[in-house]
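Notes follow the structure.
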């Protein structure tokens with residue numbers, strides 16, 4: 001059996017680990033050392049012939065922070081010249097400029113060169129939260145004194161990545177979870193696991209919840225409308241009320257878009273003119289009278305009575321049924337931009 | 001309450017043109033015409049078509065509405081599916097026979113979502129029912145019949161077909177018999193209950209308790225045995241993967257697990273059924289009321305399951321908070337809406353009390369389905385162009401009961 005060629009490894013480090021200097025040299029621009037330097041020396045020993053550190057590319061932490069796009073591009077250009085099988089950045093431990101720099105280099109190496117990359121830093125390093133999404137990051141402690149503890153795992157993963165061996169889950173392989181949910185088959189059915197987890201919880205024994213809780217934004221509310229009698233009010237709904245025939249094919253669930261339709265000349269929505277496509281509820285009442293989802297009749301009354309200034313001439317609609325949360329946030333931003341451009345004062349958003 | 005559940009294992013089904021159902025040596029003979037006639041009785045339907053799909057054949061059942069396990073009451077009060085096939089007499093005592101390995105599947109174009117079962121080919125692993133024989137009922141909608149009437153008709157057809165098939169076992173000796181009776185348990189054991197959320201939010205989105213839709217249900221108590229005789233029947237046609245079909249209500253795995261551990265590591269203290277309501281005020285009432293029942297049962301802990309998605313997570317989280325604040329510890333069973341890449345938040349609602357959650361998988365994961373030789377239940381897939389036998393990739397959401405939140409399957413999502 002032929003022994004595999006040693007992997008070509010390129011390391012990225014900052015000015016300190018490149019041996020150039022400390023904080024006073026943090027403005028150093030991108031450069032290259034042939035062979036290993038700093039942690040790369042230990043890495044090459046640990047690779048034990050499976051790989052060679054062919055070069056060390058470095059950049060000063062301040063230079064990286066001050067010229068993010070240009071510095072990363074220059075670093076990646078230099079890395080490319082060495083045709084690596086894998087790139088190792090850091091370890092950055094808890095260094096707040098070095099961590100993000102390592103993460104940006106890894107991402108750029110993967111995206112521009114198609115070369116696998118990994119880094120290592122403390123879980124609370126801003127590089128993880130700000131730049132680390134989707135990257136392989138080996139967790140470390142705060143202090144570089146733990147270099148010896150971390151590098152064996154870095155070496156092991158570098159070899160796997162370099163050989164394009166698919167990695168197992170984070171808990172098994174020893175990298176930070178990347179916030180991605182993937183389905184697998186558990187040894188026992190959910191019902192059995194539920195009762196087992198409850199018994200652990202009741203006995204005060206440790207257990208691990210299988211689903212992370214979402215973190216919600218705190219959104220400061222807009223200030224109250226100064227004078228509603230002069231205000232332009234728009235109707236916005238996720239109730240899926242569309243012109244009869246659904247001409248733009250709004251989905252019943254997982255909406256891929258939002259739509260804007262005219263209300264000019266209409267005092268009332270009826271089944272002759274509109275229908276409800278939202279699939280997450282019984283549509284019969286809404287189809288019998290679409291005003292019950294989008295209260296045009298009530299708004300026209302308020303307009304006629306002078307309670308509001310006027311109803312905006314268009315309404316906005318999407319379907320809020322299992323719709324992707326990131327997409328829904330984007331629709332909200334886009335609709336808001338449209339409303340601001342039309343100088344709408346406030347919105348009535350009936351919910352389903 | 002004591003029920004003897006006599007189980008009969010089916011290892012082969014033979015569909016003949018006619019004849020009453022006959023079970024011998026694990027082989028069930030079914031006459032299509034007789035089964036169709038039994039299904040049609042009092043359903044308002046005519047021309048019910050019966051198809052057999054075996055677990056090993058590469059096939060796809062589409063437009064799936066409900067799956068029902070054949071059972072029949074051989075002694076004791078009432079019938080199976082009380083409120084539908086007989087008076088609403090309390091179920092769960094006497095003797096009931098079960099045909100294991102077979103499901104009656106009702107299909108139809110109701111609701112808005114496609115729901116399919118894949119068998120005998122790649123993709124079958126996502127269908128919890130793919131290892132069963134399926135007797136699939138398809139019935140044309142009679143002229144002028146409303147959604148509600150058609151829905152009722154299909155349901156009656158399925159329940160009647162299921163009971164009729166199980167009649168074949170009435171005078172036979174079961175392969176095995178389980179005795180369901182909750183005797184006294186060591187008072188030192190933790191008292192554990194089950195909060196069983198049902199979903200009933202309108203036509204074609206109903207769940208039935210003794211034949212009554214639970215839309216206005218104030219949470220109430222259920223004895224675990226009652227589900228064995230079909231006290232809970234599903235008419236809730238939501239997104240297919242998060243569906244709790246009648247079959248799973250009949251075989252509720254949380255109830256089965258709690259019963260198995262009763263007297264050993266816990267005292268199975270009771271089942272609370274509650275509805276997942278459509279308004280916030282009603283959700284709050286249900287959560288509070290259910291927690292009160294938990295306190296009256298002196299529960300130490302409760303497992304909470306749900307049906308459907310979206311707004312029903314709020315019912316779950318409100319209940320979690322109400323129970324935890326009562327000092328009753330909770331475990332929740334949920335599926336996740338983490339997007340096709342798995343990188344979106346898993347849950348649309350949360351409470352800090354929800355620290356013990358079981359995952360039954362990410363609904364949005366895309367799975368490949370192999371092409372099949374035969375499609376039963378319709379001509380074309382809803383919303384998916386091309387031949388209905390074709391191979392294609394689709395979200396797990398289309399696979400019937402794949403991520404049901406009573407914890408039937410071993411599927412879960414984990415962090416990568």
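The values are calculated or read from the model by the stated rules, or taken from the named source; none is laboratory data. Keep in mind that this is a model prediction, so the values were computed, not measured. Virtual Cβ from ideal backbone geometry, glycine too; neighbours counted across all protein chains shown.
Below, the figures for the structure above:
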| read-out | value |
| --- | --- |
| Within region A:169-207, tally of residues that are surrounded by 10 or more Cβ atoms within 10 Å (Cβ to Cβ), closer than 21 Å to residue B:192 by Cβ and more than 7 Å from chain B (Cβ to nearest Cβ) | 3 |
| Odd one out for residue B:320 among (1) facing chain A (nearest Cβ under 7 Å); (2) part of a helix (DSSP H, G or I) | (1) |
| Of all residues in region B:69-94 being without any contact (Cβ under 8 Å) to a residue 60 or more places away in the chain and within 17 Å of residue B:181 (Cβ to Cβ), the one that is surrounded by the fewest Cβ atoms within 10 Å (Cβ to Cβ) | B:75 |
| Conditions (1) out of contact with any strand residue (DSSP E or B) (no Cβ under 8 Å at 6 or more places or on another chain); (2) in contact (Cβ under 8 Å) with a residue 60 or more places away in the chain: number failed by residue A:225 | (1) |
| Filtered residues of region B:294-317 (kept if assigned to a helix (DSSP H, G or I), under 12 Å from residue B:275 (Cα atoms) and within 11 Å of chain A (Cβ to nearest Cβ)) | B:312 |
| Residue, surrounded by the most Cβ atoms within 10 Å (Cβ to Cβ), within region B:259-293, restricted to residues that are in contact with a helix residue (DSSP H, G or I) (Cβ under 8 Å, 6 or more places away or on another chain) and within 13 Å of chain A (Cβ to nearest Cβ) | B:276 |
| Within region A:329-346, tally of residues that are closer than 27 Å to residue B:337 by Cβ and crowded, with 17+ Cβ neighbours inside 10 Å | 2 |
| Restricting region B:262-291 to residues that are assigned to a helix (DSSP H, G or I) and free of Cβ contacts under 8 Å to residues at least 12 places away in the same chain, the residue that is nearest to residue B:228 (Cα to Cα) | B:282 |
| Among residues of region A:112-143, those that are within 14 Å of chain B (Cβ to nearest Cβ) and in a strand (DSSP E or B), counted | 3 |
| Test: residue in region A:261-281 that is on the phi > 0 side of the Ramachandran plot and at pLDDT below 95 | yes |
| Condition check for residue A:154: surrounded by 13 or more Cβ atoms within 10 Å (Cβ to Cβ) and more than 11 Å from chain B (Cβ to nearest Cβ) | yes |
| Selection status of residue A:166, within 10 Å of another protein chain (Cβ to nearest Cβ) and without any contact (Cβ under 8 Å) to a residue 12 or more places away in the chain | no |
| Residues satisfying the stated conditions in region A:41-81, i.e. assigned to a loop (DSSP other than H, G, I, E, B) and either in contact with a helix residue (DSSP H, G or I) (Cβ under 6 Å, 6 or more places away or on another chain) or crowded, with 17+ Cβ neighbours inside 10 Å (or both) | A:50, A:60 |
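Yes/no matrix, rows are residues, columns are (1) assigned to a helix (DSSP H, G or I); (2) within 30 Å of residue A:49 (Cβ to Cβ); (3) under 24 Å from the mean Cα position of the chain (by Cα):
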position: A:145; (1), (2), (3): yes, yes, no
position: A:152; (1), (2), (3): yes, yes, no
position: A:156; (1), (2), (3): yes, yes, no
position: A:177; (1), (2), (3): no, no, yes
position: A:198; (1), (2), (3): yes, no, no
position: A:223; (1), (2), (3): no, no, no
